[in-house]
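Asker: Here's a structure for you.
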Amino acid sequence: MRNVWQVSLIVVVSLFMIFLIVFSSYSNYISVREHVINTEQMQLLSQVKTVSNTLERFFTAQKHDLEILASNRMFSLDHMAYKENRENDATWQQLEDYYAINSQMLHSVGLIDRNGSNIFSVPTSTDFQLFKMDLESFGEKTRVSVGEIYTEDNKLYINIYRIIERNTDQELILYSRVMLETLYSSMIQPIKAGDKGYASIKDATGMIIMHPNQDDIGKNVLEARANLYPDFDWTELEEIVHKQLKGEEGVGIYHSVWFSNNNQERVKKFNAYGPARIGDDFWIVNLSKDYEEVVSFLKVRTYTIVVINFAIIILVIMFLFAYYRMSKDRQTLAIQRKLSEEVQQLNDVLKRDLEKRKKLAEELKKSKDWYEMIFNSSTDYMFITTVSDDGRPGYILDVNQMVIDRLGFDKQTLLAMKYSELIKEDLKVEGGSVDGSMIIENELITSKGHIVPVENHYKLIEEKGMARLIMVSRDITQKRVNEAALRRSETRFRKIVQQVTDRMVDNELIDRKVSHLAIEKEQFALDLESINIQLENLYKYEMQENQKKEALMIYQSRLAAMGEMIGSIAHQWRQPLSVMQMVFNNVLDAFKHGELDEELIIRQHDRMTSLTRHMSQTIDDFRYFFDPNAKVNRFFVSATVDKTLSLLDDTLKQKMIEVSYKKREDALIYNFENQLSQVLLSILQNSIHALEQIHEGQRQIGIIQSFDGGFVTIEITDNAGGVTEEVRNHLFEPYFTTKSSIHGTGLGLYIAKEIIEKNFDGMIEADNHNKGLQVLITLPYKEEVE
């Protein structure tokens with residue numbers, strides 16, 4: 001048994017260590033993963049903001065450059081020559097220089113009139129009809145602006161404009177033209193987010209304008225994904241795009257496919273997004289990154305740690321089993337030696353036991369023979385019978401030799417008969433028990449029909465769980481003859497006495513009778529005094545026993561209340577303990593991050609002091625309630641009610657029970673405060689248990705306290721539906737309860753009644769009231785002990 005216990009212990013410890021390692025590894029993985037994901041999301045969002053700021057600065061710089069170019073002196077001279085129709089003198093060299101400097105980012109730079117006709121462009125271009133849409137949208141106060149995105153030769157472009165001499169016949173518009181593909185390759189495409197991540201740009205309508213996959217440019221992102229992969233669920237992407245179109249910034253996680261993944265394998269992706277203000281509208285900057293790429297190294301690290309830990313555990317288990325095997329072998333050798341010695345001892349014991357068994361068998365045979373001799377040598381009739389279900393003697397199981405000789409039946413015939421066939425009047429065994437006996441007169445019938453009057457002595461016994469009846473019948477034929485003779489003699493004696501009484505009335509006889517009566521009276525008085533002494537001793541004994549029972553019931557009631565109170569304390573301590581754990585964690589984190597200073601330590605110390613003070617107060621309240629040495633003292637009734645309610649505060653909150661306490665007038669009384677608290681606790685706990693069965697509506701308990709100068713009354717009412725009249729009549733009886741044996745002892749209200757009536761000289765009543773039960777406590781006002 002010990003070996004099994006050791007193996008079980010090793011297995012249990014091993015399983016616990018495996019569980020602990022798996023649980024701690026998984027918890028650590030989850031914690032680190034969340035931290036890494038949050039950090040990665042912040043980095044992605046920071047990159048998006050950087051890209052947005054870069055785009056905004058680029059367009060701002062372009063507008064600023066056009067402003068500078070328009071204010072250039074050489075440009076102004078060329079403009080003046082153009083206005084004076086000296087086109088040959090206007091070389092526009094500044095535009096060519098500007099383009100040469102910014103040719104890597106700009107597609108072209110030029111000058112057009114209000115109708116979109118080309119005046120000058122670098123490089124030379126002839127199609128300016130696409131500019132008219134932007135020109136028509138210029139407002140009256142527009143001077144420098146960014147145009148709309150347009151398509152030319154399957155490429156996307158956007159223009160930056162600077163108006164020169166507005167509202168004149170010589171109104172000119174200076175522009176720079178940007179190809180979005182060039183902008184993407186130089187500013188957006190270099191942005192990387194891991195091995196697979198990429199950046200893309202959408203306009204305010206959700207149309208893709210910059211993307212590494214050229215086939216997606218110009219398409220709505222949701223429509224493009226749904227058309228390309230119709231079997232996938234794009235709900236997560238729709239939520240992210242909806243936020244993007246509202247100009248929000250953030251990071252989302254959704255399931256998608258990479259644009260280069262032709263096998264349609266789904267992946268989980270991060271998507272950081274933010275608005276870039278371009279002109280009067282905004283673009284949506286997106287940065288996508290593979291989710292698994294972020295957490296894969298954590299998984300590998302976690303799996304590696306788990307494998308290493310498992311290897312260590314296996315080695316430890318192998319060592320323990322090897323050690324256990326060696327110990328078991330040593331124990332086996334020792335056990336074998338011990339068993340050999342024990343076998344030898346058992347052989348000796350077995351020999352002695354066999355000898356004892358032989359002696360016992362001989363003694364048993366002697367006892368059986370002795371029993372049969374006594375049974376058969378008795379001069380009385382002896383029967384052993386079964387007992388029927390209705391309490392009457394059944395079949396005869398055994399008889400002695402006297403029955404066979406006197407009744408004239410052989411033994412086999414008797415064992416096949418019922419006892420009722422041998423008696424004149426059937427009888428029912430009443431009042432007998434296994435430990436008792438009774439005597440009944442009856443008449444047996446012999447085989448020849450003769451009647452034998454007998455006096456039967458019956459005794460019930462139990463044999464192998466079956467009831468048996470032993471009957472000893474004594475022949476009372478001579479007794480009945482003697483009784484008849486006695487009755488005749490008594491009749492004759494009474495006649496003689498009557499005659500003598502009538503004739504002899506002399507004084508001497510009268511004196512002797514009076515003296516005889518006086519002696520009998522004195523003897524009767526002595527007997528009566530002896531009986532009174534015995535009754536007095538019996539009364540004292542019963543009083544002591546009742547006091548012991550009452551003390552036991554009070555102790556049981558206190559234990560039941562203590563169980564309820566321990567549960568309440570557990571609830572009241574759970575939250576402070578959780579907060580204390582948080583305080584310790586905060587101090588540890590501050591120490592690890594170098595943020596632990598005197599101010600933090602003082603603040604956390606004050607917080608811990610408050611928590612421990614609260615927990616200590618809870619224990620003090622508990623000790624006060626169960627103080628067996630509590631003495632009579634002055635106390636306010638309302639304070640006792642408040643203390644009792646505070647002990648049940650967590651239980652009431654947990655059961656969602658609302659308590660209303662109205663104090664019409666308080667009273668300072670002199671008595672046992674903790675006993676009154678016990679009474680209130682028993683009544684309130686009964687209401688709580690009853691309200692637990694109510695599943696609809698608000699659970700309520702109402703307490704009203706009043707004082708009229710002579711009596712203090714406490715009225716406790718609930719809305720748990722009340723009790724039946726039968727239950728109400730037994731509420732204050734000991735061991736009466738409507739709860740299960742687990743939740744109730746049936747002593748709470750009985751002890752409450754005993755305390756109120758005996759210790760407080762008060763009265764307690766219970767009756768149905770509205771939708772529940774009302775308990776009314778009436779206490780006489782007592783200022784001091786009499």
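Asker: Pull up the range 746-761, narrow it to residues that are open to solvent by 10 Å² or more (accessible area, probe 1.4 Å) and touching a residue at least 40 places away in the same chain (Cβ under 8 Å), then point me to the one that is nearest to the chain's Cα centre (by Cα).
Answerer: G748
Asker: Taking strands (runs of 3 or more DSSP E) that fall entirely within the range 638-726, which contain at least 1 residues that are under 26 Å from the mean Cα position of the chain (by Cα), outside the structural domain of I756 (by the TED database) and polar (S, T, N, Q)?
Answerer: none
Here is a yes/no grid of residues against (1) open to solvent by 50 Å² or more (accessible area, probe 1.4 Å); (2) modelled with pLDDT under 70:
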site	(1), (2)
M402	no, no
E441	yes, no
I451	yes, no
M466	yes, no
I470	yes, no
I476	no, no
K479	yes, no
A484	no, no
F493	yes, yes
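Asker: Pick out the one residue from K368, K356 that is loosely packed, with under 12 Cβ neighbours inside 10 Å, closer than 30 Å to I423 by Cα, of a type in the set (K, R) and outside the structural domain of K418 (by the TED database).
Answerer: K368
Asker: Between a residue in the range 79-101 that is more than 18 Å from S176 (Cα to Cα) and any residue that is open to solvent by 80 Å² or more (accessible area, probe 1.4 Å), which pairs come within a Cβ distance under 6 Å, given they are 6 or more apart or on different chains?
Answerer: A81/D89
Asker: Okay, next question. Criterion first (within 23 Å of E40 (Cβ to Cβ) and open to solvent by 20 Å² or more (accessible area, probe 1.4 Å)) does E248 satisfy it?
Answerer: Yes: the conditions hold for E248.
Asker: Within the range 341-353, is even one residue touching a residue at least 40 places away in the same chain (Cβ under 8 Å) and open to solvent by 60 Å² or more (accessible area, probe 1.4 Å)?
Answerer: no
Asker: Kindly list, by first and then second residue, each pair from a residue in the range 313-330 that is within 14 Å of M17 (Cβ to Cβ) to a residue that is in a helix (DSSP H, G or I), limited to pairs with Cβ atoms under 6 Å and residues at least 6 apart or on different chains.
Answerer: From residues that are within 14 Å of M17 (Cβ to Cβ), the pairs are I313/M17; I317/S14; L320/I10.
Asker: Out of the range 381-400, which residues are open to solvent by less than 20 Å² (accessible area, probe 1.4 Å) and not hydroxyl-bearing (S, T, Y)?
Answerer: F383, G391, P393, G394, I396, V399, N400
Asker: Report the residue count in the range 120-169 for those that are modelled with pLDDT under 75, among the charged types (D, E, K, R) and not in a loop (DSSP other than H, G, I, E, B).
Answerer: 3
Asker: Can you tell me how many residues in the range 288-312 are among the β-branched types (V, I, T) and either surrounded by fewer than 17 Cβ atoms within 10 Å (Cβ to Cβ) or outside any helix (DSSP H, G or I) (or both)?
Answerer: Qualifying residue count, the range 288-312: 6.
Asker: Output yes when any residue across the range 258-277 is on the phi > 0 side of the Ramachandran plot, open to solvent by 40 Å² or more (accessible area, probe 1.4 Å) and not hydrophobic (A, V, I, L, M, F, W, C), and no when none is.
Answerer: Yes, the range 258-277 contains a residue that is on the phi > 0 side of the Ramachandran plot, open to solvent by 40 Å² or more (accessible area, probe 1.4 Å) and not hydrophobic (A, V, I, L, M, F, W, C).
Asker: Identify all residues within the range 212-223 that are surrounded by 20 or more Cβ atoms within 10 Å (Cβ to Cβ) and part of a helix (DSSP H, G or I); write none if there are none.
Answerer: Scanning the range 212-223 gives a single hit, V221.
Asker: For the range 189-211, which positions are in a loop (DSSP other than H, G, I, E, B), in contact (Cβ under 8 Å) with a residue 12 or more places away in the chain and open to solvent by 40 Å² or more (accessible area, probe 1.4 Å)?
Answerer: Q189, I191, D195, K196, T205
Asker: To continue, here is another question. If you go through the range 71-86, how many residues are open to solvent by 60 Å² or more (accessible area, probe 1.4 Å), in a helix (DSSP H, G or I) and not hydrophobic (A, V, I, L, M, F, W, C)?
Answerer: Qualifying residue count for the region: 2.
Asker: Then there is this: Quickly run through the range 617-663 and pick out the residues that are β-branched (V, I, T), at pLDDT below 80 and closer than 26 Å to Q693 by Cα.
Answerer: T651
Asker: Residues of the range 92-119 being in a helix (DSSP H, G or I) and open to solvent by less than 40 Å² (accessible area, probe 1.4 Å), which ones?
Answerer: Scanning the range 92-119 gives Q94, L95, Y98, N102.
Asker: Filter the range 20-70 down to the residues that are surrounded by fewer than 16 Cβ atoms within 10 Å (Cβ to Cβ), in contact (Cβ under 8 Å) with a residue 24 or more places away in the chain and over 30 Å from L180 (Cβ atoms) and list them by number.
Answerer: V22, Y26, N28, V32, R33, V36
Asker: Which of the residues that make up the range 13-48 are aromatic (F, W, Y) and out of contact with any helix residue (DSSP H, G or I) (no Cβ under 6 Å at 6 or more places or on another chain)?
Answerer: F16, F19, F23, Y26
The values are calculated or read from the model by the stated rules, or taken from the named source; none is laboratory data. Computed from a predicted structure; not experimentally measured. Methodologically, a virtual Cβ is constructed for each residue, glycine included, from the backbone with ideal geometry; neighbour enumeration extends over all protein chains shown. Areas reflect the complete protein model, heavy atoms only, side chains present, ligands, DNA and RNA absent. Shrake-Rupley method; radii C 1.70, N 1.55, O 1.52, S 1.80 Å.
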